[in-house]
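As structure tokens, the structure follows; a few thoughts come after it.
The values are calculated or read from the model by the stated rules, or taken from the named source; none is laboratory data. Predicted, not measured: the structure shown is a model, and the values here were computed from it. Note that we place each Cβ from the backbone using ideal geometry, even for glycine, and neighbour counts take in every protein chain shown.
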Amino acid sequence: MKKLFTVILVALLALSVLFAFVACDNSHTITVGASQTPHSEILQVIEDNLAEKGWKLKIKVFDDYVTPNTSLDEGSLDANYFQHTPYLDTFNHDYHTDLVSVGKVHYEPFGLYGEGVSKSDYAAAGFVKTGRTILVPNDGSNLTRALFLLQDEGFIVLRSGVTPTDTLTVEDISDDKGNEISPVAAETITAQLAESPDGTLAVINGNYALQAGLSASEDALAVENASGDAAQLYANVIAVKRGNEQTEKTKALLEALFSQEVYDYISSQYNGAVLPVFSVK
């Protein structure tokens, strides 16, 4: 009986050590939700840096723009990296969450792409900008951004007084010039464009264009101006749940991201489709 008691005690002690190890390991794991491209790729750059400082980086890849925020709100993520502040603000309003940005990392200029339309076709004087089907992202801030790009390119006219910080819908188009503006889920646009008749156009988010093998410099018919306020307004951010802005995990993640290594990686890897927006100290 005494021997059995000893065996049970040893087993319980072993389990307690195991649970303590797992708890310790989890406390030093930073779990970040991200889009596949370029976000998860950029995060992979800092894995070794964090490991040297005692942190394990766990990257969860999402293929939509909703789940990474609901997961962050529910607590299964420590942070996420896939969105800009206007989208985050709209999401907080629509889903009654309280997520905040803790730092801007990069900017992805929106591009206008065409099925069966080459850059030379688009640049030709006779290119017709009426009577076309144009696919655009259907979520508020990205739809706004797409509509302003279409206005800049002469496909539509927006009603007077609207600004890029407003949340627009197709109802804010005062003149569609005979074009059919079709809002669809952002993650489906590249596939839908590929299945559309020649002459169809689409405004595509930078990350989804990259995932589809599209180059902003080589394939885009037009690209959002990256030299103005858009780079800061639409910069992709690290988001956390309010109250976690100053945790050790958040500080470690930001310190690793805002490095010369990450700055150089973004600058050289994406040929202008992704641009760093932070300064290296």
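Residues of the range 197-210 that are surrounded by 17 or more Cβ atoms within 10 Å (Cβ to Cβ) and either over 10 Å from residue 110 (Cα atoms) or free of Cβ contacts under 8 Å to residues at least 40 places away in the same chain (or both): 200, 201, 202, 208, 210. Scanning the range 137-173 for residues that are more than 23 Å from residue 83 (Cα to Cα) and crowded, with 18+ Cβ neighbours inside 10 Å returns 155, 156, 158, 173.
Scanning the range 254-281 for residues that are in a helix (DSSP H, G or I) and in contact (Cβ under 8 Å) with a residue 60 or more places away in the chain returns 254, 256, 257, 261, 262, 265, 266, 269.
Residue under question is residue 210, and the condition is that it be farther than 14 Å from residue 114 by Cα and in contact with a helix residue (DSSP H, G or I) (Cβ under 7 Å, 6 or more places away or on another chain); does it hold? The answer is yes for residue 210. Against the test of being over 15 Å from the mean Cα position of the chain (by Cα) and touching a residue at least 24 places away in the same chain (Cβ under 8 Å), the options 163, 167 yield a single qualifying residue, 167.
Applying the criterion of being at pLDDT 95 or above and among the polar types (S, T, N, Q) to the residues of the range 227-253, the residue that is nearest to residue 111 (Cα to Cα) is 236. Does at least one position in the range 98-117 carry a residue that is surrounded by fewer than 16 Cβ atoms within 10 Å (Cβ to Cβ), modelled with pLDDT of 95 or more, among the acidic types (Asp, Glu) and not in a helix (DSSP H, G or I)? The answer is yes; a qualifying residue exists. Mind listing just one residue for me: the one in the range 30-48 that is among the aliphatic types (A, V, I, L, M) and buried (at least 19 other Cβ atoms within 10 Å of the Cβ) and, of those, nearest to the chain's Cα centre (by Cα)? That would be 34.
Of all residues in the range 242-280, those that are over 17 Å from residue 100 (Cβ atoms) and touching a Gly at 6+ places or on another chain (Cβ under 6 Å) total 1. Within the range 35-49, residues that are polar (S, T, N, Q) have Cβ atoms under 8 Å from residues that are part of a helix (DSSP H, G or I) and surrounded by fewer than 18 Cβ atoms within 10 Å (Cβ to Cβ) in these pairs: 36/211; 37/211; 49/261, counting only partners at least 6 apart in sequence or on another chain. Scanning the range 239-253 for residues that are surrounded by 17 or more Cβ atoms within 10 Å (Cβ to Cβ) and assigned to a helix (DSSP H, G or I) yields 249, 250, 252, 253.
Checking 25, 64 one by one, the residue that is at pLDDT below 95 and not in a helix (DSSP H, G or I) is 64 and no other. Return yes or no: is residue 86 part of a loop (DSSP other than H, G, I, E, B) and modelled with pLDDT under 95? Here the answer is no, as residue 86 does not meet what is asked.
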